[in-house]
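Structure first, commentary second.
The values are calculated or read from the model by the stated rules, or taken from the named source; none is laboratory data. This is a predicted model, so every value here is computed, not measured. Reconstructed Cβ throughout: ideal geometry from the backbone, glycine too, with neighbour counts over all protein chains shown. Note: areas computed on protein heavy atoms with side chains; ligands, DNA, RNA excluded. Shrake-Rupley method; radii C 1.70, N 1.55, O 1.52, S 1.80 Å.
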Amino acid sequence: MKHKTIIEPFRIKSIEQITITTEEERVEYLKEAHNNLFLLDADKVIIDLLTDSGTSAMSANQWAGIMRGDESYAGARSWKRMKEAIVSLTTYDNVIPTHQGRAGESILYTQIGGKGKVFLSNTHFDTTRANIEYSGAMAIDCITEEGKKPSLIHPFKGNMDIEQLEDNILKYGAENIGAVILTVTNNSGGGQPVSMHNAREVKRICDKYGVLYILDCCRIAENAYFIAEREVGFEDYTYRDIAKEMFSLADGAVMSAKKDALVNMGGFIALKDKKIADSCINTLIIKEGFVTYGGLSGRDMEAIAIGLDEVFDKDYLHYRIRSTTYLGDKLIELGVPVMRPIGGHAVYIDAKEFYNHIPVDQFPGQSLACDLYVKGGIRGCEIGSVMFGKRDEKGKLIPAPMELVRLAIPRRVYTQSHIDYVIETFEEIIAEKSQSKGMRITYEPEFLRHFTAHFERV
Ligand code: F0G
């Protein structure tokens, strides 16, 4: 018999208690947190969908690896395991361990960036852009038209726009391009995948102009699943072989291991070019740690080596992507406007459309995120004008292009009943939708205000 139900391909050996709170309690907690979900204690949250980063549940195998971790300062056994896992996957010989993704970005983009340099990407993730700009260089997104339309169905909305890529290389001069960065899947673009065809086209352009090609590969296993499902010619590939082929096209990669390496902390840079790697190593030793651990414990490196293998398991990836789609599809059935098709690691709700009675300068995304918390104890993340909006000289809001709420799904953490509970919460939110009120900011810092700003209901 072929079953319809896709089950979690694991059983639970160790559990973490969730404190079940009441709506009355949550109203109080939210008040104490000034209506900012980043200021909320995690144990006051029932279902935490703030991020999929560093929130994975490790396997029994990884926990066993933790005990085997070799904490030697130099030449640790665990480093050798991590390095071997990365070299065999990426085929890049020069591997540099870092404590998380942005540490790798900071080291690499300081070396190859700086004033006058330009970086081109499908979409730069915020820490990527911040590190590039901090080095004095410029970051430009080259996303396709399809990628900009939230409700348009297209198999590879994460793709780089090849024409824009080439135009920008010609405009700024190939010698001034720091690197072309292909982010898979495209997080800022809705967790949307990039096709192999597109990755090959990026290589063709990079080769034509002699430009460095870097993969931001933190969700490359999830991207590989979409290629196997949607791209002609990959039906018989393993997910790991698809990822390997994608790595073979590029000159190097930066990874936040907190995503598809299924660990809570870690990252790396891996490069074909030894010269660039050597220049990165100087900064690594000053800022992160010695070359055989970067900012990591031996046990972290052991867990990364195991996680990079486990993530390509076909049953795991099937369950992973289908369970994100399950949440998205159910929300669509309820009439909630979401970014489509559903991406790999998260469901993005279009709050501007869902709460179309709340003007953009009253932050509909923040209202929805707070309502989800009050009604269900669910913590999502506003990705809209709170996070990316700017102010003009008179203090008036220049809104972000979209007002989204991201529900990011931690890996191997929640079961279907948790997700059904989220869906049920939406039914209540929909019923009371027109009564929801907007937000006003009562305190905001100069930079990265979404982390610490205070809000009150209008
Ligand atoms: N690149 C991408 C595509 C990311 O999504 C992230 C992190 C990073 C780089 C930076 O990695 O956090 O290990 O320093 N994304 C997290 C998120 C924070 O919630 O999407 P990091």
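Residues in the stretch 276-290: is at least one within 16 Å of the ligand (Cβ to nearest atom) and acidic (Asp, Glu)? Within the stretch 276-290, one or more residues are within 16 Å of the ligand (Cβ to nearest atom) and acidic (Asp, Glu). Restricting the stretch 180-213 to residues that are closer than 18 Å to Ile276 by Cα and away from the ligand (no atom under 14 Å from the Cβ), the residue that is most open to solvent (accessible area, probe 1.4 Å) is Asp207.
With respect to Lys171, determine if the residue is within 16 Å of the ligand (Cβ to nearest atom) and more than 17 Å from Leu249 (Cβ to Cβ). No; evaluated as a whole, the condition is false for this residue.
Every residue, every condition in (1) at pLDDT 95 or above; (2) in the same structural domain as Phe354 (by TED's automatic domain parsing), yes or no:
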| residue | (1), (2) |
| --- | --- |
| Leu271 | yes, no |
| Asn282 | no, no |
| Asp300 | yes, no |
| Thr325 | yes, yes |
| Gly328 | yes, yes |
| Gly335 | yes, yes |
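Here is a check on your reading of the model: is Gly328 in a loop (DSSP other than H, G, I, E, B), open to solvent by less than 40 Å² (accessible area, probe 1.4 Å) and of a type outside the set (Lys, Arg)? In short, no. Among the residues of the stretch 44-80, those that are open to solvent by 40 Å² or more (accessible area, probe 1.4 Å) and over 25 Å from the mean Cα position of the chain (by Cα) comprise Ala64, Met67, Arg68, Glu71, Ser72, Tyr73, Ala74, Gly75, Arg77, Lys80.
Residues in the stretch 136-161 that are small (Gly, Ala, Ser), open to solvent by less than 30 Å² (accessible area, probe 1.4 Å) and closer than 26 Å to Glu353 by Cβ: Gly147, Gly158.
The listed residues are His357, His345, and the only one of them that is modelled with pLDDT of 95 or more, within 16 Å of the ligand (Cβ to nearest atom) and in contact with a helix residue (DSSP H, G or I) (Cβ under 9 Å, 6 or more places away or on another chain) turns out to be His345. Across the stretch 21-32, not a single residue is classified as over 24 Å from Ile441 (Cβ atoms), free of Cβ contacts under 8 Å to residues at least 60 places away in the same chain, exposed (fewer than 13 other Cβ atoms within 10 Å of the Cβ) and basic (Lys, Arg).
Checking each residue in the stretch 215-269 for being within 10 Å of the ligand (Cβ to nearest atom) and not in a loop (DSSP other than H, G, I, E, B) picks out Asp216, Val254, Met255, Ser256, Gly267.
Taking the stretch 88-135 as the range and being within 13 Å of the ligand (Cβ to nearest atom), hydroxyl-bearing (Ser, Thr, Tyr) and open to solvent by less than 10 Å² (accessible area, probe 1.4 Å) as the test, the residues that pass are Thr98, Tyr109, Ser121, Thr128. Only a single criterion out of (1) modelled with pLDDT of 95 or more; (2) surrounded by fewer than 20 Cβ atoms within 10 Å (Cβ to Cβ); (3) within 15 Å of Ser195 (Cβ to Cβ) is not satisfied by Ala243, namely (2). Annotation for the stretch 184-200: no member residue is of a type in the set (Ser, Thr, Tyr) and not in a loop (DSSP other than H, G, I, E, B). Looking across the stretch 3-20 at every residue that is among the polar types (S, T, N, Q) and closer than 25 Å to Trp63 by Cα, the one that is surrounded by the fewest Cβ atoms within 10 Å (Cβ to Cβ) is identified as Gln17.
Scanning the stretch 97-155 for residues that are within 15 Å of the chain's Cα centre (by Cα) and basic (Lys, Arg), we see that the one that is farthest from Asp273 (Cα to Cα) is Arg129.
Taking first residues from the stretch 282-305 that are part of a loop (DSSP other than H, G, I, E, B) and partners that are charged (D, E, K, R), the Cβ contacts under 7 Å between residues at least 6 apart in sequence or on separate chains come to Gly294/Glu288; Gly295/Glu288; Ser297/Glu71. Could you list, in sequence order, all residues of the stretch 383-429 that are open to solvent by 10 Å² or more (accessible area, probe 1.4 Å), modelled with pLDDT of 95 or more and in a strand (DSSP E or B)? Result: Arg406, single match. Remark: Thr127 matches the filter, which requires a residue to be at pLDDT below 95, hydroxyl-bearing (Ser, Thr, Tyr) and on the phi < 0 side of the Ramachandran plot. For the stretch 142-156, state whether one or more residues are in the same structural domain as Phe268 (by TED's automatic domain parsing), small (Gly, Ala, Ser) and modelled with pLDDT of 95 or more. No, the stretch 142-156 contains no residue that is in the same structural domain as Phe268 (by TED's automatic domain parsing), small (Gly, Ala, Ser) and modelled with pLDDT of 95 or more.
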